[in-house]
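Trainee: Here it is, the structure in full.
The values are calculated or read from the model by the stated rules, or taken from the named source; none is laboratory data. Given the structure is predicted, the values throughout are model-derived calculations rather than measurements. Please note: Cβ atoms are built from the backbone with ideal geometry, for glycine as well, and neighbour counts cover all protein chains shown.
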2 protein chains.
Amino acid sequence: MHGAGDVRVGQAADPTIQAPTDAIVRTVRACVCGSDLHPYHSMPASEHGQSMGHELIGVVEETGSAVTSVRPGDFVVVPFAYSDNTCPICRDGFQTACPHGGFYATPDVPGLQAEYARIPQADGTLVVVPDVDPATADDALLASLLTLSDVYLTGYHAAFMGKVAPGKTVTVVGDGAVGLSAVLAARQLGAERIVLMGRHTDRTDLGRAFGATDVVAARGAEGVQEVLDLTGGEGAHVVLEAVGHMPAYEQSYGVVRAGGVISRVGVPQYEDAPVGFGSLFGKNVTLTGGPAPVRAYLEDAIGQVLRGEIDPGRVFDRVLPLDEAAEGYRAMDAREALKVMLRP
Amino acid sequence: MHGAGDVRVGQAADPTIQAPTDAIVRTVRACVCGSDLHPYHSMPASEHGQSMGHELIGVVEETGSAVTSVRPGDFVVVPFAYSDNTCPICRDGFQTACPHGGFYATPDVPGLQAEYARIPQADGTLVVVPDVDPATADDALLASLLTLSDVYLTGYHAAFMGKVAPGKTVTVVGDGAVGLSAVLAARQLGAERIVLMGRHTDRTDLGRAFGATDVVAARGAEGVQEVLDLTGGEGAHVVLEAVGHMPAYEQSYGVVRAGGVISRVGVPQYEDAPVGFGSLFGKNVTLTGGPAPVRAYLEDAIGQVLRGEIDPGRVFDRVLPLDEAAEGYRAMDAREALKVMLRP
């Protein structure tokens, strides 16, 4: 990405092992994330540009000398953050805050919208998908596995941190791919009622297929009132906020029940927000969430996908070759596509 | 209170039953709250003034025709908010958000720094202290029972919402009466380590007696660094924020561990605060807390006090007659007294 609206596909040198804990992974599928659209709107023009992408499934090509848990030929899911998975913070289940971990598409580690990727901390990061040959696997299976790199497990993290459970009423704010994933995850965790706030019918239809029991298209004060009306005036036990903009935050504290939880996974495009007596404190509302520690949930989720219990890959509605990544950004930004998969 | 720094004791008409669910309670002990100091600093001058106080133990004098759970002569603890204790929000344990409840010292219901008080929703609000005659009970017992009206159970609420448990490292921000109560509550809930951030040695000494294992006097970035140093660089699992001012909030997110919890019970003197990637979100920090639903915890806590398991009344270090309430405010504001008890 060379600036707002300016995505170019270029030729980079193949990545190489730089530390004994690295692995090189050959891309099977990558994709564009809703969070990639934030710089797509705001990045200052740059001649050098910035590599992009943080979602990947692929095949291990090469491993550093210290890597023991994966070997060349393994088909793996790459979580959107790397981590050692052994430190106290990782053992707590917060791998996105691992002091030895980090993120892709940064000055240190190139992005994953590429044919090959260098994965630091390979032992702590990569998880093998057993008994699947990506060369012959069907597209729907690959799509669902790819969502475990970020989008589905980000929705799952929202629901997990929000303590969604049987009997709970959940409101999901946002009908993007993360919001729809949050609906599917809330259903997995047994939510009794799931109100999806979104205004794009094709998306909310998928939300209903994923388990939403109600859809509210209105936004702002009107949308808040509709959710309150649907919940006997009390609001939702749990609100899953999957947007990251202030109006979504404001809707969240408007619809949450006293003593309830707002769980955010939309990357906040603000630093300060209301948390005082008039928003969170007076109602004893809990605010939680953050970058999803995908790694913590990955083995279980791979099993669910392989057994056919969940089909989160349905959020992909367009597939493009990596060469056409720029068109993928444009289509998602224009809301012509919900989520774009990229293939080599 | 007639304005900032202007507290006057006046003669008001005795309260009377206004609804069949009311009770009239004769004061045994009342007190001044740290939160009463906020208007003491900022209230605009007013000729009419505002009655004050929300903490009380007393004897039921009279009950409305619908009241069945208390009768004249009962010795009761009065929670700082009244509630019906039967609605879905109360059943969830968030009585301070009861839609039929409310607060004292408001236009509707006079404050409790008085000889007699009208208590709305008496059945849902008042809890009887069994087998204690307040006329002959010793002062230490009365002091501890009085803390159950607000201050101790506010500290307890912080610890409860923060999920303090065995093995957890807890940091308490603030050495006022609520902060010290939070230390005692954290110890009750089994915290392994309790770091008290406070700079008044007489107060932090009581904090040590209540269970603090470490005291950090430094504030701001220096205080944050000291807590990080004490916790192997990782920070505290749980931070109990018992002040309500922005510097305490900033200290809280500075010392909290990734994936940890900040539980606030200091009434926020701000509405907006940092919650974005650089403060809460990036570390997956949970923010919780609010006005303590004292009613939810009252029966258990009365039992603990009566059995001598906790002695939260040690936060009172001065007793004044109600007539000298103004001196009580002055002494607390000047930090000459930690917490002032008022007696008829």
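Trainee: State yes or no: is B:A217 buried (at least 18 other Cβ atoms within 10 Å of the Cβ), of a type in the set (A, V, I, L, M) and in contact with a strand residue (DSSP E or B) (Cβ under 9 Å, 6 or more places away or on another chain)?
Mentor: no
Trainee: Would you confirm, using the coordinates I've provided, whether A:G328 is surrounded by 17 or more Cβ atoms within 10 Å (Cβ to Cβ), over 23 Å from A:G211 (Cα atoms), touching a Leu at 6+ places or on another chain (Cβ under 7 Å) and of a type outside the set (A, V, I, L, M, F, W, C)?
Mentor: Working: surrounded by 17 or more Cβ atoms within 10 Å (Cβ to Cβ): yes; over 23 Å from A:G211 (Cα atoms): yes; touching a Leu at 6+ places or on another chain (Cβ under 7 Å): yes; of a type outside the set (A, V, I, L, M, F, W, C): yes.
Answer is yes for this residue.
Trainee: Between a first residue in segment A:262-287 that is within 7 Å of chain B (Cβ to nearest Cβ) and within 18 Å of B:Y253 (Cα to Cα) and a second residue that is buried (at least 18 other Cβ atoms within 10 Å of the Cβ) and among the basic types (K, R), which pairs have beta carbons less than 8 Å apart while being 6 or more apart in sequence or on different chains?
Mentor: Note: pairs meeting the criteria are A:F281/B:R264; A:L287/A:R264.
Trainee: Can you tell which of B:L306, B:L298 is at pLDDT 95 or above, among the aliphatic types (A, V, I, L, M) and more than 16 Å from the chain's Cα centre (by Cα)?
Mentor: Working: B:L298 fails: more than 16 Å from the chain's Cα centre (by Cα).
Sole residue among the options that is at pLDDT 95 or above, among the aliphatic types (A, V, I, L, M) and more than 16 Å from the chain's Cα centre (by Cα): B:L306.
Trainee: Then there is this: Are there any pairs with C-beta distances below 9 angstrom linking a residue in segment B:40-51 that is touching a residue at least 12 places away in the same chain (Cβ under 8 Å) and on the phi > 0 side of the Ramachandran plot to a residue that is assigned to a loop (DSSP other than H, G, I, E, B) and small (G, A, S), with the two at least 6 apart or on different chains, and if so which?
Mentor: Hits for this filter: B:G49/B:G10.
Trainee: Also: Away from chain A (no Cβ under 14 Å), in contact with a Lys or Arg (Cβ under 7 Å, 6 or more places away or on another chain), among the hydrophobic types (A, V, I, L, M, F, W, C) and under 23 Å from B:L228 (Cβ atoms) - does that describe any residue in segment B:189-198?
Mentor: yes
Trainee: A further question on this structure: I'd like the full set of residues that are out of contact with any helix residue (DSSP H, G or I) (no Cβ under 7 Å at 6 or more places or on another chain) and closer than 25 Å to A:H38 by Cα, limited to segment A:180-199.
Mentor: Once the filter is applied, which keeps residues that are out of contact with any helix residue (DSSP H, G or I) (no Cβ under 7 Å at 6 or more places or on another chain) and closer than 25 Å to A:H38 by Cα, segment A:180-199 yields only A:R199.
Trainee: Tally the residues that are outside any strand (DSSP E or B) and surrounded by 21 or more Cβ atoms within 10 Å (Cβ to Cβ), restricting the search to segment B:112-129.
Mentor: Residues in segment B:112-129 being outside any strand (DSSP E or B) and surrounded by 21 or more Cβ atoms within 10 Å (Cβ to Cβ): 10 in total.
Trainee: A further question on this structure: Which ones in segment B:288-301 are buried (at least 20 other Cβ atoms within 10 Å of the Cβ) and more than 14 Å from every other protein chain (Cβ to nearest Cβ)?
Mentor: Across segment B:288-301, the qualifying residues are B:L298, B:A301.
Trainee: Return the total of residues in segment A:66-113 being within 14 Å of chain B (Cβ to nearest Cβ) and among the small types (G, A, S).
Mentor: Selection size over segment A:66-113: 6.
Trainee: Take the conditions hydrophobic (A, V, I, L, M, F, W, C), away from every other protein chain (no Cβ under 14 Å), out of contact with any strand residue (DSSP E or B) (no Cβ under 9 Å at 6 or more places or on another chain) and more than 30 Å from A:I89 (Cβ to Cβ) and apply them to B:V305. Does it pass?
Mentor: So B:V305 fits the description; yes.
Trainee: Something else: Kindly provide the set of residues from segment A:162-180 that are in contact with a Leu (Cβ under 8 Å, 6 or more places away or on another chain) and within 22 Å of A:L146 (Cβ to Cβ), ordered by number.
Mentor: Within segment A:162-180, A:V172, A:D175, A:G176, A:A177, A:G179, A:L180 meet the criteria.
Trainee: Among the strands (runs of 3 or more DSSP E) lying completely within segment A:1-102, list those that include at least 2 residues that are not β-branched (V, I, T).
Mentor: Passing ranges, in order: A:23-31, A:56-63.
Trainee: Here is a list of conditions, (1) away from every other protein chain (no Cβ under 14 Å); (2) without any contact (Cβ under 8 Å) to a residue 24 or more places away in the chain, and A:A326 meets all of them except one; can you say which number that is?
Mentor: Answer for A:A326: the failing condition is (2).
Trainee: Also: Quick test of your reading of the structure: B:V243 fulfils all but one of (1) within 26 Å of B:Y104 (Cα to Cα); (2) within 9 Å of chain A (Cβ to nearest Cβ). Name the failing condition by number.
Mentor: (2)
Trainee: If we scan segment B:146-164, do we find a residue that is at pLDDT 95 or above, of a type outside the set (S, T, N, Q) and over 17 Å from the mean Cα position of the chain (by Cα)?
Mentor: Yes, some residue in segment B:146-164 is at pLDDT 95 or above, of a type outside the set (S, T, N, Q) and over 17 Å from the mean Cα position of the chain (by Cα).
Trainee: Suppose we keep only residues that are of a type in the set (V, I, T) and within 18 Å of A:G223 (Cα to Cα) within segment A:252-261. Which one would you say is farthest from the other protein chains (Cβ to nearest Cβ)?
Mentor: Result: A:V255.
Trainee: More than 21 Å from A:C33 (Cα to Cα), touching a residue at least 12 places away in the same chain (Cβ under 8 Å) and surrounded by 24 or more Cβ atoms within 10 Å (Cβ to Cβ), is that true of A:V172?
Mentor: Values: more than 21 Å from A:C33 (Cα to Cα): no; touching a residue at least 12 places away in the same chain (Cβ under 8 Å): yes; surrounded by 24 or more Cβ atoms within 10 Å (Cβ to Cβ): yes.
Taking the combined requirement at face value, the residue does not satisfy it.
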